[in-house]
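To start, the structure under review is shown below, and the notes come after it.
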Amino acid sequence: MTEGLQFYEKWREAIIQCSRCGFCRAVCPIFDVSKRDLANARGKMILLKEAMEGKLSVTDGVAQALMRCTTCMNCTVNCPSGAEPDKVIKAARKEMVTIGYDNLFKAMSEGVEKYGNIYGEEQRHEWGHKKGKAPYVLFAGCVGAYREEESVAETIRLLDLLGVDFTTIDEVCCSGVLEDVGYKVKEALAQHNVREIRKTGANAMIITCPYCYRVFIEHPSYKDLGLEVKHITQFLAEVPLQVKTDKRVTYHDPCDLGRHSGIYEEPREIIRKIAPTFVEPERTRENAMCCGSGGGFRGTFPRDSLKIARNRLDRIIEETGAEILLTECPSCLHNFRNAKLRRQKIEIYNITEFIAQLYEEGASQEKQAAEG
Amino acid sequence: MEIEGYEFPEGLFYEENHFWARVEGDLVVMGMNDYAQKMAGDIVYVGLPPEGKKLTQGKSFTKLESGKWLGKIFAVVSGELVEVNEELEENTQLINEDPYGKGWMFKIKPDTMDELKNLMTDAGEIHEWLKKEIAEHGGK
Amino acid sequence: MKELIKIVGEENFTDALEELVPYSYDASVNVQRPNSVVWPESTEQVSQIVAFANEQKIPVVPRGSGTSLSGGVIAINGGIIIDLSRMNRILEISIEDRYALVQAGVVCDDLNGKLAKYGFTFPPDPASSSVATIGGNVGTNAGGIKGAKYGTTRDYVMGLQVVLPTGEVMNTGSRTMKCVSGYDLAKLFVGSEGTLGVVTEVTLKVNPIPRYAMTAVATYDKLEDAGNAISQTMTSGLTPSVMEILDRITLKSIKENTDIDLPDAEIMILAETDGYTREEVQAQMDVVLRILRENNPSLIKTAQDEKERLELWNARKSAYATLARISTSFVLDDVTVPVSRIPELLVGIQEIAQRHGLVVATYGHAGDGNLHPQILYDEYNAEQVEKMERVESDLFRLAISLKGTLTGEHGIGLSKADYMTLEHDVVEMDLMQRIKKTLDPNNIMNPGKMSL
């Protein structure tokens, strides 16, 4: 096949690196719920190998098969043969789009451009926080703004409580997810964000969403921000906290924060400060199983996405017996909350949200004591 | 009865946010109507609040989601939430398959049955309302 | 294939091209497109599928995780792949009666994870244990690193539930530790590579996990010295739980492609003793160390703590994979010889490699004579493919000449089918073919394998 010849030349080594050992089956969240060979990295690498060898013609079916992946990167991290399936799959997605196949994300790409968010919705949530100049600027991201507004509100309350002088901005979608689903960051949106951020005169930006964090750090469209970019856990790890809980607490590493950005210690530093009873799940850090919401998966395959979240949640509960599950990612938070069954007593929060609540509990206890 | 190609069974009360209500003894059962179910697409999540929650007619008290869409669920009458359809926790497709039957969502103990007067029952009224909804949001 | 959809439901059937592609492969170099794939969720469904296939004379291929290194799960005659992965429930664990009853699709490590909570384990430990299924382990009589002391899968199969090629369901074997009632049909199926029926449930004997283990490594500049050290250890009166070797090429590859720090040497021995008390384990290790020392090692080291021990294990387990990093393609064999002939095998492998101009790295279970020569080549280079085939052919002949066997644990599958007659005479081949024909008169059950 002549289509995509350049792609195969560039990625040939990467594609044949896969030795078909199948070890990725043990760590792929999609495979975990479907048990179908095409679901995991090996299946997709074989698909691309055959396409490269001219044995397989690319069809919409093939293009869409590549979308069944949350880009969690667990396969790459655990691949004994040194293959990087996540990179290959993302590159192949772009190739499919370039050639003209419908990979289910065309509508999202157009929606992001038109509405400035991944949901194609019109009204972006406002938290009523100041917008102007400050040494810190906060960026929340689409999932926080459209699906977990209350959680972000708590994060904002915590920062206020801690006396952090920060401003919010008129955000639009960082549009980074488009890069992972075959499209590109929208320049106009990126420029809007950069402009607004620079206007604040801030020295540092605090981001609540790990995906946005990754985009701001990595993508060339954001290289002229002119300030330090931190995920909120990096910021909070250096702040002294005056609250504690004796509840049994565990932590889920979001793929975009952990495997993709290498931020494992800071969330744990924060949690250890406030929860002496911190326990790790069995599969944790670079081996943490994905919650199922990344890489556009929650939008295109929501049922499976929630099955994956339910799986991960069930295992965390079984392995840790924790009363509180913490994470610091609006997508993981949302997927877990949707997946949690009523009979499961575990409570799920973002770290910042949880700490804000501890402060509130502490404050009301003090108030009662003072009045009593 | 069928209105503009959507099912709107008789004997139910219809609320303008696309929910239906039915009297069952001294309780009011509510769910989502056929038009909304079709527009939403495959519903994958319904928030099921704890029993005892206080509700106000016309105010949203929980949400539901399909792949990309998040919709608010509005109380059809004021009162206390006494029962949720637990089947929906793992079988949200019941809402799409049988929105008026197995896909029922909540049972409310109303402060007063009088509030049902604020909802639509007349076929003509429902028809006019639905036509406007379709014109604004699409559907047929 | 509407009949299949009726049996398993639409969601558990496919004939979509993109889904068939991955099922055309396993971890070997064999490729063939099946016609469809089904994911049954019960023995009843498997039985109906097989009965239907038998009636229509359509080939069926039982498959677990598709990690076969010999083409065992390739549908060489087309047909239906029966993927057992959805039948992955652990049905019962009885520690008092020392068995675990599992569906065939249970992953080896998942079973061991559950058993570990009771302090027990299913000892065969293939390198693919994180993904390989028990059904697959049964099909190839999987061995692994602990073979010399703890045996292979066959030693742990107490009973099986199998769907015969006619579709009938047979439950055979017992829940007792010993049984000689009737022919041992269960053991017939172990190692039969899915050619006699579809295994759906397995009753496995389980062992207590040894309380203590100690690990040591020694490197040698001369193959004979290492060979002698191995022989002497295996005849010393104790049985180490592990006796692995890694050759120079393997060591170099691991060292250059991972963070693991290994010395340069002609050959490295990795030994482990285990037992119930620390003193016993130490006493055994002292014997092993003495023997290792007496054979001119260039280096000897014992792991001082669990962390170091796991590092050494990591080194061994990453051999297969790091070699994959330095070569476009490879073929992994598992020729096995009597333990005393290991030095000759090692030398012979290198001689064959040099003669044909390919690189062959060797590592493996010296303790039970099972070595893994990994032939590195480029599958897109016709000349190299031919060389690889000649190397394999010579390797098999060498192993047989040393009174060995073509395969210790990977199975014959497709890759070695042509060489069956090197090892099995006409009497044997005839009987095997008759057994196959009796159980599978229409030759639908994983046809084309093992030359049967």
5 angstrom amide H check on residue B:53, placed H, neighbours 5+ away: B:81
Contour excess over end-to-end distance, with Cα ends at residue C:425 and residue C:279 and 0.36 nm allotted per residue: 47.7 nm
Residue-normalised accessible area of the range C:336-435, expressed per residue, 1.4 Å probe, Å²: 42 Å²
Segments B:92-103, C:142-153, C:340-351 sorted - mean Cβ within 10 Å per residue, highest first: C:142-153, C:340-351, B:92-103
Sulfur and carbon atoms: percent of accessible area, the range B:1-41 [1.4 Å]: 46 percent
Rounded FRET efficiency, nearest 0.05, which uses the C-beta distance separating residue C:433 from residue C:256 and R0 of 30 Å: 0.05
P(r) of the range B:82-140 over all Cα-Cα pairs, binned every 10 Å from zero, in whole percent: 18, 28, 42, 12
Accessible surface of the range C:375-427, 1.4 Å probe, proportion on carbon and sulfur as whole %: 49 percent
Rounded percent of accessible protein surface that carbon and sulfur make up, the range A:89-235, 1.4 Å probe: 49 percent
Near-label residues of the range C:358-377 by backbone N, under 19 Å of a point 7 Å along Cα→Cβ of residue C:390: C:358-361, C:374-377
The range A:35-162: translational diffusion in µm²/s, Stokes-Einstein, Kirkwood Rh over Cα pairs, 25 °C, 0.890 mPa s: 137 µm²/s
Principal axis dimensions, largest first and in whole angstrom, of the protein assembly as shown by Cα: 93, 65, 64
Per residue value of the accessible surface for the range C:147-217 (all protein chains in place, 1.4 Å probe), Å²: 43 Å²
Other protein chain Cβ atoms within 10 Å, averaged over every residue that makes up C:10-19: 4
Where a label projected 7 Å from the Cα of residue A:199 along Cα→Cβ would reach, residues of the range A:139-171 with amide N under 14 Å: A:167-171
Which of C:26, C:368 is most accessible, then next, and so on - probe 1.4 Å: C:368, C:26
Area buried, chain B against chain A - accessible surface, total, 1.4 angstrom probe, square angstrom: 1600 Å²
Peptides ranked, highest mean first, by Cβ atoms within 10 Å: ranges A:87-94, B:5-12: A:87-94, B:5-12
Count of lysine pairs in the range A:35-133 with Cα separation under 16 Å (8 or more residues apart, or interchain): 10
Area buried, chain C against chain A - accessible surface, total, 1.4 angstrom probe, square angstrom: 2900 Å²
Protection proxy ranking of C:371-382, A:278-289, A:249-260 - average other beta-carbon atoms within 10 Å, highest first: A:249-260, C:371-382, A:278-289
Calculated FRET efficiency for the pair residue A:343/residue B:54, C-beta based, R₀ 25 Å, to 0.05: 0.60
For C:317-324, mean number of other protein chain Cβ atoms within 10 Å: 4
Pairs of alpha carbons in chain C whose separation is greater than 33 Å (percent): 37 percent
Residues of the range C:273-320: accessible area per residue with a 1.4 Å probe, Å²: 58 Å²
Cα-projected label distance for residue C:35 with residue A:13, points at 7 Å along beta-carbon direction, nm: 4.3 nm
Average other protein chain Cβ within 10 Å of Cβ, residues C:123-129: 1
Rh by Kirkwood over Cα pairs, then Stokes-Einstein D for chain B at 0.692 mPa s and 37 °C, µm²/s: 218 µm²/s
Within-10-Å neighbourhood charge of residue A:319 [Cβ basis; K, R +1; D, E -1]: -2
Local net charge near residue A:40, Cβ-Cβ under 11 Å (Lys/Arg +1, Asp/Glu -1): +4
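The values are calculated or read from the model by the stated rules, or taken from the named source; none is laboratory data. This one's a predicted model, so the numbers in the text were calculated from it and none came from an experiment. Glycine also receives a Cβ, built like all others from the backbone with ideal geometry; neighbour counts cover every protein chain displayed. For accessibility, only protein heavy atoms count, side chains too; no ligands or nucleic acids. Shrake-Rupley method; radii C 1.70, N 1.55, O 1.52, S 1.80 Å.
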